[in-house]
Amino acid sequence: MIKPVSVLAAALCAASAFAAEPAGDTFYGTTEPFASEAVYFVLTDRFVNGDASNDHRDQGGDYPTFDQRIPGPDGKSANIGYLGGDFKGVLDNAGYIHDMGFSSVWITPIVDNPDQHFSGGKPVSWGSFWTDQGKTGYHGYWGINFYQLDEHLPSPGLDFAGFTRAMGQQDLKIVLDIVGNHGSPAYTMPKDQPQFGKVYDRDGTLLADHQNLHPEKLNPANNRLHRFYNPKVGVAELSDFAEDNPAVLDYLAGAYEQWIDQGAYAFRIDTIGWMPHNFWKRFADRIREKRPGFFMFGENFDYDAATIAPHTWKRNGGISVLDFPLRAKLVETFEKPDSDFSALEKVLYLEDGPYANPYDLMTFYDNHDMPRMDATDEGFIDAHNWLFTARGIPVIYYGSETGFMRGSAEHAGNRNYFGQERIDAAPQSPIYRPLQRIARLRQSSPALQRGLQLNVRLKGDEAVFYRVYQKDGQHQTALVLLNKGDHPARMEVSQYVQAGTWRDAFTGRKLRVRGSLRAQVPAHGVRVFFFDQALSREDTRQRLAELMARKSPKSD
């Protein structure tokens with residue numbers, strides 16, 4: 001529908017407020033520096049064992065920690081013990097990650113975890129969830145000393161500071177996974193185990209102890225070792241940190257400031273939704289007082305945008321989030337051959353949405369806490385073509401470049417060991433080269449990284465949209481054509497297309513465009529065309545001005 005002239009004029013004025021350029025000349029999705037990143041997520045222990053000397057295979061005594069298998073059907077198995085992945089295994093493959101087109105690596109928590117497997121909780125079984133009996137802290141989320149590096153990760157001469165420095169030399173930044181909601185499992189053990197349910201300070205002195213008590217039996221008023229915890233049940237049997245205790249914030253912020261000093265470039269915040277906004281506001285303010293603009297994104301495992309969006313608001317800390325609502329529709333779209341691109345349009349929230357800025361969200365289709373996407377090779381290719389061209393900051397879980405363990409849930413292979421042999425063979429996967437191609441294109445394109453998204457059509461097997469970045473004298477418009485069908489598609493775009501010289505983003509071939517742009521898009525393929533000048537077509541500029549004015553209604 002054509003908007004009244006007064007509305008369009010208001011939109012143009014609102015857009016002009018974003019930068020000191022002439023009204024209507026500035027268009028962008030975000031100015032967030034982290035938006036230029038593409039993130040490869042590794043569960044460190046499961047990636048590559050680069051140094052066998054830090055495996056600690058004999059650790060745990062009666063509660064061993066290495067290679068604890070869960071049997072599954074048809075000879076399959078999952079593992080809840082350590083498998084040896086470490087900093088050296090990641091660093092040895094920094095070139096592999098960078099060459100795929102990634103610029104950041106998200107690693108799981110690095111803080112010290114218990115040296116035994118957990119004897120309490122519910123027994124782990126094939127495909128079970130929130131069952132921890134027999135499980136170890138291989139994943140890093142069971143911190144007991146947040147100031148100390150877990151002994152399974154470093155090698156001689158390669159502590160965390162050395163690791164971030166060496167990765168930086170390979171042009172890779174480190175996104176550090178952090179936990180603020182909980183420590184290790186804390187109760188239901190047949191007998192109290194050393195370390196579980198305990199927290200130690202930077203000097204190794206016992207700071208808090210759950211004492212193997214049910215949360216409702218804790219006595220914070222009279223026992224100083226209980227004051228770190230909430231006397232209520234949280235997630236599984238994990239010790240639940242008391243968000244209203246100033247000592248908890250001081251402890252966690254101090255620990256994570258230390259890891260920033262050693263090279264952490266950004267934070268991914270685990271279980272952010274389990275603590276109130278006022279805690280994260282105080283935490284974010286403290287971190288950014290030391291590191292202005294430090295980027296953080298949280299995990300609130302909820303598919304309702306209205307529920308997760310408040311984390312992004314300035315008054316709640318201005319923390320981005322993993323885009324779960326979009327994730328649900330991505331899986332629906334790319335797992336099913338007969339799906340429709342239109343399912344994605346609403347959850348993009350490009351106008352009047354609940355987020356501070358939808359362009360700063362982390363976009364993904366699976367991770368370590370959910371079943372891996374159960375798609376064909378072509379489905380993965382289509383998903384990557386979308387993630388690296390549409391709005392948001394893409395995150396790919398390790399192994400997805402080959403369809404590794406597709407369809408598998410946690411405790412059913414989702415976190416299985418990848419290993420050097422699979423990495424060496426990855427370029428032979430049908431998924432790998434198309435991912436590399438589109439990821440490298442995004443890496444070189446300001447429009448695909450930060451551009452405003454203007455949809456032309458998302459319908460059936462076809463998606464057509466623009467990404468426009470026009471700011472501070474830099475101009476790039478990308479026209480993206482996606483085809484997830486099994487046959488080539490002849491696409492024609494006339495709506496909003498700028499007359500002039502466009503260039504094929506992959507070949508560099510120039511295309512003179514007047515009334516429309518026509519292109520053949522291969523089956524499960526992508527075509528991208530760039531226009532490298534300021535846009536002059538009036539209806540396009542008016543629509544972009546509307547999008548600028550309405551993209552961030554919740555920026556407070």
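Figures for the structure shown
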| quantity | calculated |
| --- | --- |
| Breaking point among (1) farther than 30 Å from residue 92 by Cα; (2) assigned to a strand (DSSP E or B); (3) out of contact with any Asp or Glu (no Cβ under 6 Å at 6 or more places or on another chain), for residue 174 | (1) |
| Members of region 289-309 that are more than 15 Å from residue 181 (Cβ to Cβ) and in contact (Cβ under 8 Å) with a residue 40 or more places away in the chain | 293, 295, 297, 305, 306, 309 |
| Output for region 345-354, where each listed residue is free of Cβ contacts under 8 Å to residues at least 24 places away in the same chain and surrounded by 18 or more Cβ atoms within 10 Å (Cβ to Cβ) | none |
| Matching residues, region 142-154, being open to solvent by less than 30 Å² (accessible area, probe 1.4 Å) and not in a loop (DSSP other than H, G, I, E, B) | 145, 146 |
| Within region 355-365, tally of residues that are assigned to a loop (DSSP other than H, G, I, E, B), of a type outside the set (Gly, Ala, Ser) and either open to solvent by less than 10 Å² (accessible area, probe 1.4 Å) or more than 24 Å from residue 464 (Cα to Cα) (or both) | 4 |
| Close pairs from region 256-272: first over 18 Å from residue 145 (Cα atoms), partner open to solvent by 30 Å² or more (accessible area, probe 1.4 Å) and not hydroxyl-bearing (Ser, Thr, Tyr), Cβ under 6 Å, at least 6 apart | 265/173 |
| Considering residues of region 494-535 that are in contact with a Lys or Arg (Cβ under 8 Å, 6 or more places away or on another chain) and among the β-branched types (Val, Ile, Thr) only, the residue nearest to residue 481 (Cα to Cα) | 521 |
| Qualifying residue in region 489-501 (condition: within 32 Å of the chain's Cα centre (by Cα), open to solvent by 60 Å² or more (accessible area, probe 1.4 Å) and touching a residue at least 24 places away in the same chain (Cβ under 8 Å)) | no |
| Condition broken by residue 507, with the remaining ones in (1) touching a residue at least 24 places away in the same chain (Cβ under 8 Å); (2) farther than 29 Å from residue 353 by Cα; (3) among the polar types (S, T, N, Q) satisfied | (1) |
| Residues within region 366-413 that are buried (at least 20 other Cβ atoms within 10 Å of the Cβ), aliphatic (A, V, I, L, M) and under 17 Å from the mean Cα position of the chain (by Cα), tallied | 7 |
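Residue-by-condition table, conditions (1) at pLDDT 95 or above; (2) within 20 Å of the chain's Cα centre (by Cα); (3) of a type outside the set (A, V, I, L, M, F, W, C):
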| position | (1), (2), (3) |
| --- | --- |
| 437 | yes, no, yes |
| 442 | yes, yes, yes |
| 448 | yes, yes, no |
| 461 | yes, no, yes |
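The values are calculated or read from the model by the stated rules, or taken from the named source; none is laboratory data. Just so we're clear, the structure is a prediction, and the values are computed from it rather than from any experiment. Backbone-built Cβ (ideal geometry, glycine too); neighbour counts: all protein chains shown. SASA here: full protein model, heavy atoms, side chains in, ligands and nucleic acids out. Shrake-Rupley method; radii C 1.70, N 1.55, O 1.52, S 1.80 Å.
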